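Single-structure report; data block below.
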Amino acid sequence: MFITGGLWVLAARVAAEHAANGFVSSLHLDNYYESLLTAVFLLFLLLVGFAAISWVATRNATVRTVNALPARPTSRREWGLGAMIGWGLVVVAVLPMMLAGDLRPNFWVTPVAFWHLLLEVAVLLMLSLAQETVYRGYLFARLIRTLGPTMATLVMSAIAAAVSAVHPWAGPLSVFVTFLLSILFSMAYLRTRALWLPWGLHFAWSACIGVLFGLPVGGWNSFSSVVDTSTYGSTWITGGFYGPEGALFTVVVAVMGMGVLYSLTRDLAWEYTQPVIVAAGYPMDVAPPAEHTKMEQAAAAKPVLVQILAATPSEASTMPVIEQHLRGESDPE
């Protein structure tokens, strides 16, 4: 099932790209819409495809359960908490560049630039969920059942790192940072057993880097419309053309993020990952002794006859008075 799901990911990506390109060409749309349509089509194909694969194997599957998107009261809180952590980690990662004066931002404040900004946010919102569906959704759950959570996390993080190796300007350090970030996102899933928290974390991480600071996201510089930032100085701090995910300091940020995530999700982990407490001890429904059971059965087998004597209402009402008079206990009046 894991291999089948992996093949479906490849097929869904190709189908989404061709479908988006066809829509843009036939409707004569701007190229900005192609990225959004590709992300939407890819997310749809992944969610429905994984549910279909699981249903064929088990005959019991829904889109929400298979893709770890349960409807529960804390879903918005989980997503918001993930977004807060992702935003904070990006600020810490970019802070050394700002203090060293290695950032040169350029601003474009035209109406078209702001419209493109909204499209880029929508693309990152859909694309981050699609990526989490692949790396922390159906496939991750299959590995957990087979290898356990620790080994499954390492395997999926290694796959994510290997995929990032083909990104533009990728290098050994960026691959290692991607490996650590994938572990961070996997921890977010394992702490809640749902994609709400890692989705919010992944989206905020990518959106803050690409949209807020105008830096490359994983080697791609296509998310900078209003803010486009050029970096100078050592690539160990800035990550060069790959972005902050290729900087050495981001290694420290990713490790620090694991501790912050673990600390801020204690209540969620207690609610969604703790095993159900089962009562133990000696059973309290002890059977009665055999002799007692025989006595009850013998008593139940013998019918009890009750004789009710007939009496008129007048007789019933005067009987106590007559008895008192005969005993000399009646009232003088």
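The values are calculated or read from the model by the stated rules, or taken from the named source; none is laboratory data. Nothing here was measured: the structure is a model prediction, and the numbers come from that model. Neighbour counts run over all protein chains shown; Cβ positions are idealised from the backbone, glycine included. We work out accessible area using only protein heavy atoms, side chains counted, and drop any ligands, DNA or RNA first. Shrake-Rupley method; radii C 1.70, N 1.55, O 1.52, S 1.80 Å.
Per residue, the convex hull around the alpha carbon atoms of region 133-275 comes to 105 Å³. Can you give me the accessible area per residue for region 1-134, using a 1.4 Å probe, in Å²? Result: 56 Å² of accessible area for each residue. Across every direction, the projection of the convex hull enclosing the Cα atoms of region 4-51 has a mean area of 3.0 nm².
Apply 1/(1 + (r/R0)^6) to the Cβ-Cβ distance of Leu95 and Ser26, taking R0 = 41 Å, and write down the FRET efficiency to the nearest 0.05. Working from the Cβ atoms, E equals 0.35. Contact order, relative form, for region 171-272: 30 percent (alpha carbon pairs under 8 Å, 6 or more residues apart, mean separation divided by residue count).
Reported to the nearest whole Å, the Cα centre-to-centre distance from region 245-268 to region 208-237 is 21.
Taking all protein chains together, Phe179, Phe23, Phe107 sort by accessible area into Phe107, Phe23, Phe179, largest first [probe 1.4 Å]. Based on Cα contacts under 8 Å between residues 6+ apart, the chain shows a relative contact order of 19 percent. Residue-normalised convex hull volume from the C-alpha trace of region 10-131: 166 Å³ per residue. Restricting the calculation to Cα atoms, every distinct pair contributes to the Kirkwood radius of region 103-192, found to be 15.0 Å. Against the chain, whose longest principal axis is taken from its Cα atoms, helix 31-58 shows a tilt of about 40°.
The Stokes-Einstein estimate for the chain, based on a Kirkwood radius over Cα pairs and taken at 25 °C with 0.890 mPa s viscosity, is a diffusion coefficient of 101 µm²/s. Spatial offset of region 26-59 relative to region 170-193 amounts to 24 Å, using the alpha carbon center of each.
Using only Cα atoms, tell me the angle between helix 111-135 and the longest principal axis of the chain; keep it within 0 to 90° and round to the nearest 10. Helix 111-135 sits at roughly 60 degrees to that axis. For the peptides 198-211, 261-274, 90-103, residues were scored by their other Cβ atoms within 10 Å and the scores averaged per peptide; the highest-first order is 198-211, 90-103, 261-274.
The portion of the accessible surface of the chain made up by carbon and sulfur, rounded to a whole percent, is 69 (1.4 Å probe; DNA, RNA and ligands excluded).
In a simple Cβ point-charge model (Lys, Arg +1; Asp, Glu -1; nothing else charged), the chain has a dipole of about 1240 debye relative to its Cα centre. Computed from Cα positions, the angle between helix 149-164 and the longest principal axis of the chain comes to roughly 20 degrees. Packing around the peptides 76-84, 215-223, taken as the average count of other Cβ atoms within 10 Å per residue, puts them in this order, highest first: 215-223, 76-84. Could you tally the net charge around Leu212, taking each other residue with its Cβ under 14 Å from the Cβ of Leu212, Lys/Arg +1 and Asp/Glu -1? Value of the local net charge: -2. Estimated from the Cβ-Cβ distance and a Förster radius of 41 angstrom, the FRET efficiency linking Gln274 and Ala122 is about 0.65. Can you figure out the FRET efficiency of Ala52 with Val14, using R₀ = 22 Å and their beta-carbon distance, to the nearest 0.05? E(calc), rounded to 0.05, equals 0.80.
Can you give the calculated 222 nm mean residue ellipticity of the chain, where each DSSP H run of n ≥ 4 adds -39,500 (n - 2.57) and the sum is split over every residue, rounded to the nearest 500 deg cm²/dmol? Value at 222 nm, helices only, nearest 500: -22000 deg cm²/dmol.
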